[in-house]
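Asks: Here you go, one structure.
The numbers here are math on the coordinates, done by the rules we state, and not lab data. All figures in this text were calculated on a predicted structure; none of them were measured in a lab. As a convention, Cβ positions derive from the backbone with ideal geometry for all residues, glycine included, and neighbour counts pool all protein chains shown.
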Amino acid sequence: MFPSGTLRIHDLTPEERTVYASLKPERLPQHVAIIMDGNGRWAGHRSLKRFLGHQQGANAVQLVTETASRIGLPWLTLYAFSLENNLRRPRAEVNFLMRLLKTYLESNLQRMMDNNVRMKYIGRTHELPAEVQEKMRWAEDATARNTGTTLTLALNYGGRSEMVDAFRGLAAEIRSGHLSPDRITEQDIHRHLYTAHMPDPDLLIRTSGEMRISNYLLWQIAYTEIFVTERLWPDFRGIHLLEAIADFQCRERRYGGLGEASGEVDEEAERVKIVAG
Ligand code: FPP
């Protein structure tokens, strides 16, 4: 459940408030992760350069984060720059994304403070340019005492490389004699993930209609509900986050077990067994 002290429903837009009013407060997700896709297409549809799509995408990041903070969402994790983006996109685009990230952090720090947002990062961030890392640390330190939404940006992130890093950490623990290989548990693996300090996502949103996971939070989304929208990321707003949460609340989460509506099925199976026997 959200910490009610941090709710700022009065700051939602009237349209957002209408959707929020339809939500069940006891079934709000703790952690929403988003694959932000479609910046390039958004720009292409307007005959603009891809860079402008990324710029509008950064604007959407701020607006969605602020809505998340108003409804008291504890964890919001955004896929902002993948390892694959870093390796496979033209250098000019990668450099632009790095500059955009720096500018984004500089110009939105006050808004993060006003919205009580704490900033964190996951990924091989030590491989990013030094001046970007410096700005990231600056924003993380400045927001460290905020108690509202934790906004985690996945930067130079890949799900498989996160697992490689986790397994290396486990191997080091084994070498040091603190863990026996035949006693490794799921919790031990979890402890070594970048996300060890947060709950697994309840809801994963992907924009721009692609039905892919794209190497995002592979371990963590084992039982996450997935919501895919055709909307391109630069057009995504807080109201769309609330609509995705409304859809999430209609799902039945079963974690491999039987759902609430399974009682009749059980009785039917029992009868069939008796008749057959
Ligand atoms: C996908 O668009 C988006 C990304 C490369 C990552 C997300 C980046 C942003 C939202 C902008 C910067 C973010 C911050 C936090 C400053 P795409 O280029 O793959 O779009 P396309 O598939 O339509 O080409």
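Asks: Loop only per DSSP, at most 15 neighbouring Cβ atoms within 10 Å: give me the trypsin sites (Lys or Arg not before Pro) in the stretch 149-202, ordered by residue number. Don't jump to the answer; show the numbers that get you there.
Replies: Details: sites: Arg160, Arg168, Arg175, Arg183, Arg191; in loops: none.
Passing sites in the stretch 149-202 do not exist.
Asks: Please give the FRET efficiency for Asp235 paired with His190, using the beta carbon to beta carbon distance and R0 = 30 Å, rounded to the nearest 0.05. Before the final figure, lay out the partial values.
Replies: On the way: r = 35 Å, r/R0 = 1.17.
That pair, Asp235 with His190, gives E of 0.30.
Asks: Can I ask one more? In nm, give the distance between the simple-model label positions of His45 and Arg8, each being 7 Å from the Cα along the Cα-to-Cβ direction.
Replies: Output for this residue pair reads 3.0 nm.
Asks: Tell me, what ³J(HN,Hα) does each residue in the stretch 114-122 have, in order and in whole Hz, if you take phi through Karplus 6.51 cos²θ - 1.76 cosθ + 1.60 with θ = phi - 60° and put x for Gly and Pro?
Replies: 4, 9, 6, 8, 9, 9, 9, 9, 10
Asks: Related question: Is it possible to state the helix-based mean residue ellipticity at 222 nm for the chain, with each DSSP H run of 4+ residues giving -39500 (n - 2.57), the sum divided by total residues, to the nearest 500 deg cm²/dmol? What is it?
Replies: Values: 10 runs with 128 residues, N = 277.
It comes out at -14500 deg cm²/dmol, rounded to the nearest 500.
Asks: Computed FRET efficiency, Cβ-Cβ of Asp114 and Glu260, R0 35 Å: what is it to the nearest 0.05? Mind dumping the intermediate values first?
Replies: Values: r = 41 Å, r/R0 = 1.17.
E between Asp114 and Glu260, to the nearest 0.05, is 0.30.
Asks: Once amide H atoms are built 1.01 Å from N in the peptide plane, which residues 5 or more positions from Thr150, or in another chain, come under 5 Å H to H?
Replies: So Thr150 has HN proximity to Trp75, Leu76, Arg118.
Asks: Please state, as a whole number in µm²/s, the translational diffusion coefficient that the Stokes-Einstein equation yields for the stretch 67-222 at 10 °C and 1.306 mPa s, with Rh defined as the Kirkwood radius across alpha carbon pairs.
Replies: Details: Rh = 17.0 Å.
Using the Kirkwood radius from Cα pairs, D works out to 93 µm²/s.
Asks: Springs between alpha-carbon atoms under 10 Å, Gaussian network over the chain: tell me which of Gly38, Gly177, Gly238 tops the mean-square fluctuations.
Replies: Gly177
Asks: Then there's this: Would you mind calculating the gained length between Arg175 and Leu87 on full extension (0.36 nm times residue separation, minus the Cα-Cα distance), in nm to one decimal? Mind dumping the intermediate values first?
Replies: Numbers: separation 88, 0.36 × 88 = 31.68 nm, distance 3.21 nm.
That pair, Arg175 and Leu87, stretches by 28.5 nm at full extension.
Asks: Dimensions of the chain along principal axes (Cα, Å, largest first)?
Replies: Here the Cα extents, ordered largest to smallest, are 72, 57, 40 Å.
Asks: Sticking with this structure for a sec: Could you work out how far apart the two model spin labels at Ala144 and Asp165 are, taking each label as a point 7 Å from the Cα in the direction of the beta carbon, and quote it in nm?
Replies: Output for this residue pair reads 1.9 nm.
Asks: Would you kindly derive the ³J(HN,Hα) couplings of the stretch 41-51 from the backbone phi angles with the Karplus curve 6.51 cos²θ - 1.76 cosθ + 1.60 (θ = phi - 60°), listing them in order in whole Hz, with x for Gly and Pro?
Replies: Couplings: 5, 4, 5, x, 4, 10, 6, 9, 6, 3, 3 Hz.
Asks: Give, as ranges by residue number, the residues of the stretch 97-132 whose backbone N falls under 17 Å from the point 7 Å along Cα→Cβ of Ser214.
Replies: Zone members listed by number: 97-98, 101, 122-124.
Asks: Over the chain, with a Gaussian network built from C-alpha contacts below 10 Å, which listed residue (Thr143, Thr185, Thr195) shows the highest mean-square fluctuation?
Replies: Thr185
Asks: Tell me, in nm to one decimal, what length is gained between Thr18 and Arg99 on full extension, where the rule is 0.36 nm per residue of separation less the Cα-Cα distance? Don't skip to the answer; put the middle values down first.
Replies: Values: separation 81, 0.36 × 81 = 29.16 nm, distance 3.71 nm.
Additional length available on full extension: 25.4 nm.
Asks: Right, something else. What translational D, rounded to a whole number of µm²/s, comes out for the stretch 87-140 from Stokes-Einstein when the hydrodynamic radius is the Kirkwood one over Cα pairs, at 10 °C and 1.306 mPa s? Could the numbers behind the result be given before it?
Replies: Numbers: Rh = 12.0 Å.
So the translational diffusion coefficient is about 132 µm²/s.
Asks: Using the Karplus equation 6.51 cos²θ - 1.76 cosθ + 1.60 (θ = phi - 60°), what ³J(HN,Hα) coupling, rounded to whole Hz, does each residue of the stretch 172-177 give in order, writing x for Gly and Pro?
Replies: So the Karplus estimates, Gly and Pro as x, are 5, 5, 5, 4, 7, x Hz.
Asks: Anyone know which of His45, His126, His190 comes out most mobile in the 10 Å Cα GNM of the chain?
Replies: Comparing His45, His126, His190 in the GNM, the peak value goes to His45.
Asks: Under a Cβ-Cβ cut-off of 15 Å, what is the net charge of the residues other than Ala196 that fall near it, where Lys and Arg count +1 and Asp and Glu count -1? Please list the in-between numbers first.
Replies: Details: positive: Lys120, Arg168, Arg191; negative: Glu162, Asp165, Glu173, Glu186, Asp188, Asp200.
Charge balance in the 15 Å sphere: -3.
Asks: Loop-only check: which GluC sites (Glu not before Pro) in the stretch 187-266 are DSSP coil with at most 14 other Cβ within 10 angstrom?
Replies: Numbers: sites: Glu210, Glu225, Glu230, Glu243, Glu252, Glu260, Glu264; in loops: Glu210, Glu230, Glu252.
Sites meeting the loop and neighbour criteria: Glu210, Glu230, Glu252.
Asks: Would you work out the relative contact order for the chain, in percent, from Cα pairs under 8 angstrom that are 6 or more residues apart? Intermediate results must be reported in sequence, preceding the final value.
Replies: Working: 407 pairs, mean separation 72.7, N = 277.
Once divided by the residue count of the chain, the mean separation gives 26 percent.
Asks: Still on this structure, I have one more. Tell me the Kirkwood radius of the stretch 1-145: reciprocal of the mean inverse pair distance over distinct alpha-carbon atoms, in Å.
Replies: On the way: mean 1/r = 0.0597 Å⁻¹.
Computed over Cα pairs of the stretch 1-145, the Kirkwood hydrodynamic radius comes out at 16.7 Å.
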